[in-house]
1. With Cβ to Cβ distances under 12 Å as the rule, what net charge do the other residues near residue 137 carry (K, R +1; D, E -1)?
2. Which value in nm describes the separation of the simple spin-label points at residue 114 and residue 88, placed 7 Å from the Cα toward the beta carbon?
3. How far, in nm, would the chain grow between residue 35 and residue 98 when pulled straight, counting 0.36 nm per residue and subtracting the alpha carbon separation?
4. As a quick test, which of the pairs 100/143; 44/85; 85/143; 44/108 have an alpha carbon distance above 21 angstrom in this structure?
Amino acid sequence: MTKWIYGIVLVCFSLTAHAAPYNLVGKWQGEYRTYMYNDGSAQKGISSTTFTVLEQDNEFLYATSEWRNNTNSARKSEMAGDMMKSAKEELLGIFSFDGKEVVFIETKDNGMYSMRIIDNDTMQAMYIENQHHEATLFRIILKRVK
């Protein structure tokens, strides 16, 4: 009888071990300062992002990030080889083992978000992208849009 109880407990634990502690599906927004380097010139700017988590399957996530450079300069960012002032990008994500952090990678570019979940409605993120002649860094606080 004791073996049956242990077996049931192990099965239940293994079924829930991969479940994410937070449901991130929904829309998140934030504004941030960005630091960009392109063709020998570094520039700071202001940008905004709408981050939408479309699907969450336990530890795996699928999302989009729609960003806009709000700075009044002619400076644009590169996405998949094209210069742009705004864009929408697809992302794949995964929860950390403890469920308190998420990493997202762009599907058509090489940018990466490293996120820390603060609570059900707040995430802190850092973004890093480095390709050929351009680099971009920023950090952002994303708030859930209700």
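1. +1
2. In this crude label model, residue 114 to residue 88 measures out at 3.0 nm.
3. Separation in residues times 0.36 nm, less the Cα-Cα distance, equals 19.6 nm.
4. In this structure, 85/143; 44/108 exceed 21 Å between Cα atoms.
Rule-based calculations on the coordinates, nothing more; no lab input. Just so we're clear, the structure is a prediction, and the values are computed from it rather than from any experiment. Using ideal geometry, Cβ is built from the backbone for each residue, glycine included, and neighbour counts are taken over all protein chains shown.
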